[in-house]
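Chemist: Structure in structure tokens, see below.
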Amino acid sequence: MRRVLILTAPLLFACSLVETVTTASPPGVEVTPAVTIQPPQPTIAPAPTDPPPQPAAPTGFPDPAGFTWSPVVAGLRSPVDIQSAGGDRLFIVEQRGLIRIADENGLRQEPFLDIRDRVFDTGNEQGLLGLALHPDFASNGSFYVNYTRGNGDTVIARFRVSDDPDRVDPDSEFVLLQIDQPFPNHNGGRLVFGPDGYLYIGTGDGGAQGDPQGRAQNPDSLLGKILRLDVDGGEPYAIPADNPFAAGGGRPEIWALGLRNPWRFAFDPGTGDLFIGDVGQNQWEEIDTLPSGTAGANFGWDLREGLDSYEGDPSPAFTDPVAVYSHAEGGCSVTGGEVVRDPSLPEWQGIYLYGDFCSGLIWGLFRDGSGAWQNRLLFDSGFQITSFGSGVDGAVYVLDRSGEVYRLARGG
């Protein structure tokens, strides 16, 4: 096993001191953000439904010696995200501005999407950073990306598949949201459709160090947040009526706040709970969770890092992390992972796997039947872990920045 220790973590934090929302512009035309716009209107809250039956809580961790990370794809350049729409196609994001397809025949050379002409990836944490396939991707061909453009600003955009299901016209781009980024770090990057059908977006705190402008705690800033948009309810998007600031008091796009850089987060497909890996400053990396449907949580940055005070007095109203590790014991930059729901691995059901970019360590985390969180170091992978992902079939993947994708599988 190889171990990699570096002083900087890629992609794992992003920023902006001024942010604006803009509507779409013609492809190839540089957009000048508007200073004032009419905010999107709230959508009608959906009627409450009975929650699905909750899966049984795990009772312990399997012996990791009986399992391995089996290679699936090689030959990539800085892969940072992976998605599946069913079938045998995996959509893999390369930081430089490509989305590649891998299938049973291997990695295809012709890209699914090539937007290198508009992606700015000069900085270690810049580039094409996230991909989310629309829940109805099979019928409408829509998907969403998160990238940094020529001036370093964040762009959230939609594309649509052409008549060829394996190729996308770059000129089909429709820009939903732009966020000014004056620094090259703390850009977030994750996009995920939740079980409610809304698009969730992770944003960093504005970059530099220590959130100097206090953006993460500012409800009038989109930075240091999880955002939640209704991409089907209006153009460029609508606001879900149950967003915490939908009626005022802050930016209506916000779902949760007080985050430094939620580089990777994921929903448990079995429960709908949200798991967030929030990259720390100098001492602590943390995993945060939200029960399904919980709005308005404040995770405390930059008043605290992990559970320790950072700048000021933490509030008892802050939502505590469920797991932390120090840089001394585990690396430098957490990469949020996935809850295992792979039916071929019943021993792993309900266990959340997450890792560290620098050390390659992978931990498991679950909440037991008594409500207590159990956390354990399971693998020393040797990877530079940029992301985890899961397939429609439940398979759990890990991405190594050196260019490989691996799947959790039986065998030692």
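Only the coordinates and a few stated rules stand behind these numbers; no lab work does. These numbers were taken from a predicted model, which means no experiment stands behind them. With ideal geometry, Cβ positions are generated from the backbone for all residues, glycine too; neighbour counts draw on all protein chains shown.
Chemist: Checking a compactness column here: for the stretch 268-412, what do you get for Rg(Cα) / (2.2 N^0.38 Å), N being the number of residues?
Modeler: Working: Rg = 15.4 Å, N = 145, 2.2 N^0.38 = 14.6 Å.
Computed over Cα atoms of the stretch 268-412, the ratio equals 1.06.
Chemist: How high is the FRET efficiency between residue 344 and residue 294 when r is their beta carbon distance and R₀ equals 45 Å, given to the nearest 0.05?
Modeler: That gives a FRET efficiency of 0.90.
Chemist: Assuming 0.36 nm per residue, please report the length gained on full extension of the stretch residue 70 to residue 329 beyond their Cα-Cα distance. Please report the intermediate quantities before stating the final value.
Modeler: On the way: separation 259, 0.36 × 259 = 93.24 nm, distance 2.61 nm.
Here the segment from residue 70 to residue 329 would lengthen by 90.6 nm.
Chemist: At a 10 Å Cβ-Cβ cut-off, how would you order 230, 368, 164, fewest neighbours first?
Modeler: On the way: 230 20, 368 13, 164 10.
Sorted ascending by nearby Cβ count, the order is 164, 368, 230.
Chemist: Let me ask you something else. Divide by every residue of the chain the summed helix terms, -39500 (n - 2.57) for each DSSP H run of at least 4, and state the resulting mean residue ellipticity at 222 nm, rounded to the nearest 500 deg cm²/dmol. Could you put the intermediate results ahead of the total?
Modeler: Numbers: 2 runs with 8 residues, N = 412.
Helices in the chain give a 222 nm mean residue ellipticity of -500 deg cm²/dmol.
Chemist: Ok, one more. In Å, what is the Rg of the alpha-carbon atoms in the stretch 52-177, and how long is Dmax?
Modeler: Just the Cα atoms of the stretch 52-177 yield Rg and Dmax of 17.0, 50 Å.
Chemist: Treat each spin label as a single point 7 Å out from the Cα along the C-beta direction, and report the residue 172 to residue 122 distance in nm.
Modeler: 3.1
Chemist: Describe numerically, in nm with one decimal, the distance between label points set 7 Å from Cα along Cα→Cβ at residue 104 and at residue 138.
Modeler: 1.7
Chemist: For the chain, give the magnitude of the charge dipole about the Cα centre (Cβ charges: +1 Lys/Arg, -1 Asp/Glu; no others), in debye to the nearest 20.
Modeler: Working: 27 positive and 54 negative charges, 99 e Å.
The calculated dipole for the chain is roughly 480 debye.
Chemist: Please list log₁₀ I(q)/I(0) at q = 0.14, 0.26, 0.28 Å⁻¹ for the stretch 165-225, using the Debye equation with identical point scatterers on the alpha-carbon positions.
Modeler: Once normalised to I(0) and log-transformed, intensities are -0.54, -1.12, -1.18.
Chemist: What spacing in nm lies between the two simple spin-label points modelled at residue 368 and residue 317, each 7 Å away from Cα in the Cβ direction?
Modeler: 3.4
Chemist: Output the peptides 217-224, 138-145, 255-262, 155-162 sorted from most to least packed, where packing is the average of other Cβ atoms within 10 Å over each peptide's residues.
Modeler: On the way: 217-224: 22.1, 138-145: 17.5, 255-262: 28.4, 155-162: 19.8.
Highest mean packing first, the order is 255-262, 217-224, 155-162, 138-145.
Chemist: Determine the dipole magnitude for the stretch 73-223: charges of +1 sit on the beta-carbon of Lys and Arg, -1 on that of Asp and Glu, nothing else is charged, the reference point is the Cα centre, and the result goes in debye to the nearest 20. If you can, show how the numbers build up before the last one.
Modeler: Details: 13 positive and 23 negative charges, 47 e Å.
Roughly 220 debye for the stretch 73-223.
Chemist: Same structure again: Please give the residues of the stretch 259-296, grouped as numeric ranges, whose backbone N is less than 18 Å from a label point set 7 Å along the Cα-to-Cβ vector of residue 56.
Modeler: The answer is 270-271.
Chemist: OK, next. So what is log10(I(q)/I(0)) for the stretch 230-282 at q = 0.19, 0.31, 0.32 1/Å, when the Debye sum runs over its Cα atoms only?
Modeler: For the stretch 230-282, the Cα-only Debye profile gives -0.88, -1.06, -1.08.
Chemist: Mean projection of the alpha-carbon convex hull of the chain over all orientations, in nm²? Before the final figure, lay out each step's value.
Modeler: Numbers: hull surface 75.4 nm².
So the Cα hull casts an average projection of 18.9 nm².
Chemist: What does the charge count around residue 246 come to, taking other residues whose C-beta lies under 15 Å from its C-beta (Lys +1, Arg +1, Asp -1, Glu -1)? Could the numbers behind the result be given before it?
Modeler: Working: positive: 225, 228, 251; negative: 196, 220, 230, 242, 253.
Combined, the nearby Lys, Arg, Asp and Glu give -2.
Chemist: Right, next: Using packing as a proxy for protection, rank 387-393, 205-211, 192-198 so that the peptide with the highest average count of other Cβ atoms within 10 Å comes first. The partial results should precede the final answer.
Modeler: Numbers: 387-393: 21.0, 205-211: 23.7, 192-198: 18.0.
Those peptides, ordered most packed to least, come out 205-211, 387-393, 192-198.
Chemist: Counting Lys +1, Arg +1, Asp -1, Glu -1, what net charge surrounds residue 322 among other residues with beta carbon under 10 Å of its beta carbon? Write out the running numbers ahead of the final one.
Modeler: Numbers: positive: 367; negative: 286, 288, 320.
Overall, the nearby charge balance is -2.
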